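To keep things clear, I will list the structure first and then write my remarks on it.
The values are calculated or read from the model by the stated rules, or taken from the named source; none is laboratory data. Predicted model only: the values in this text are computed from it and were never measured. Cβ placement follows ideal geometry from the backbone for every residue including glycine, while neighbour counts extend to all protein chains displayed.
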Amino acid sequence: MDETSRVVHVVDDDPAIRQSVGFLLRKAGYAVETHVSGTQFLKHVTREAHGCVLLDVRMPDIDGLEVQATLAQRGIALPVIMLTGHGDVALAVRAIKAGAIEFLEKPFERATLLAAIETAIAKAARIGRDQLAAAEARVLLAALTPRERDVLDGMVLGRPNKLIAFDLDIATRTVEVHRANLMEKLMARSLSDVLRIAFAAGVGETTDPA
């Protein structure tokens, strides 16, 4: 795991928390970026950001749940650990439902915090691998002709060649040719390979099979 993946963004309006948590995490080998508010954090964070977010729930400008929702809206896939000093069960439930990795009450144990950070960093690494696979898959799919994409869509729906041919009003042999060509372009040796590439690129996510 490279250094960029071991970044923890600490977002808390309490300077004592930023200082103590920052010290603890740096000592544990993490790179730490601190932010005094959710607004400041959102001004600087981008889709290219790495690591995870340690996010206070109650802040004076916008709260942690709003920050979490904004990250999701922007497509910024940073795993979130929520912090609170209030023990608000309802907020905890909302945060977890919205995708938070963990919800920690202040004051928290050092071991508990580090365990949550490790879980979040591991998830961030998986997200990074998935994003890379998706980007590579989209590059491969971009080489297909429109008709090859039509055939691919049929394959993703699990349709046999004859049914794809019927849907597209072309000969079954033509479907077979397109299928062979697209598999060559995708460097796929089997239908499973084709499907893995297609799903990585998001093909079929909004398709409702007939």
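Evaluated against (1) over 25 Å from the mean Cα position of the chain (by Cα); (2) loosely packed, with under 15 Cβ neighbours inside 10 Å; (3) small (Gly, Ala, Ser), Gly75 falls short on exactly one condition, (1). Taken over the range 149-198, the criterion of being of a type in the set (Asp, Glu) and closer than 20 Å to Ala135 by Cβ is satisfied by Asp193 alone. A residue that is among the hydroxyl-bearing types (Ser, Thr, Tyr), within 22 Å of the chain's Cα centre (by Cα) and assigned to a loop (DSSP other than H, G, I, E, B) occurs somewhere in the range 28-40. The single condition among (1) touching a Gly at 6+ places or on another chain (Cβ under 8 Å); (2) closer than 28 Å to Gln131 by Cβ that Asp61 does not satisfy is (2). Candidates are the residues of the range 108-126 that are aliphatic (A, V, I, L, M) and touching a residue at least 60 places away in the same chain (Cβ under 8 Å); the one that is farthest from Met82 (Cα to Cα) is Ala125.
Scanning the range 18-33 for residues that are surrounded by fewer than 19 Cβ atoms within 10 Å (Cβ to Cβ), over 17 Å from Ala124 (Cα atoms) and of a type outside the set (Lys, Arg) returns Gln19, Ser20, Gly22, Phe23, Leu24, Ala28. Hey, could you check the range 36-62 for residues that are buried (at least 20 other Cβ atoms within 10 Å of the Cβ) and touching a His at 6+ places or on another chain (Cβ under 9 Å) and say which is nearest to Arg110 (Cα to Cα)? Here the residue is Leu54.
Suppose the filter is of a type in the set (Val, Ile, Thr) and either modelled with pLDDT of 95 or more or more than 23 Å from Arg110 (Cα to Cα) (or both); does Ile81 pass it? When the stated conditions are applied, Ile81 does not pass them.
Restricting the range 103-115 to residues that are assigned to a helix (DSSP H, G or I) and more than 21 Å from the chain's Cα centre (by Cα), the residue that is surrounded by the most Cβ atoms within 10 Å (Cβ to Cβ) is Leu113. Kindly indicate whether Leu91 is assigned to a helix (DSSP H, G or I), touching a strand residue (DSSP E or B) at 6+ places or on another chain (Cβ under 7 Å) and surrounded by 12 or more Cβ atoms within 10 Å (Cβ to Cβ). Judged against the criteria, Leu91 is a match. Listed conditions (1) part of a loop (DSSP other than H, G, I, E, B); (2) at pLDDT below 85; (3) in contact with a strand residue (DSSP E or B) (Cβ under 9 Å, 6 or more places away or on another chain) are all met by Ala100, apart from (2). Tell me whether the range 73-85 contains one or more residues that are part of a helix (DSSP H, G or I) and not charged (D, E, K, R). Yes - at least one qualifying residue is present in the range 73-85.
If you go through the range 40-79 and keep only what is β-branched (Val, Ile, Thr) and within 16 Å of Arg18 (Cα to Cα), you end up with Val53, Val57.
With the requirement that a residue be without any contact (Cβ under 8 Å) to a residue 40 or more places away in the chain and surrounded by 15 or more Cβ atoms within 10 Å (Cβ to Cβ), what does the range 178-193 give you? Answer for the range 178-193, where residues must be without any contact (Cβ under 8 Å) to a residue 40 or more places away in the chain and surrounded by 15 or more Cβ atoms within 10 Å (Cβ to Cβ): His178, Arg179, Asn181, Leu182, Met183, Ala188.
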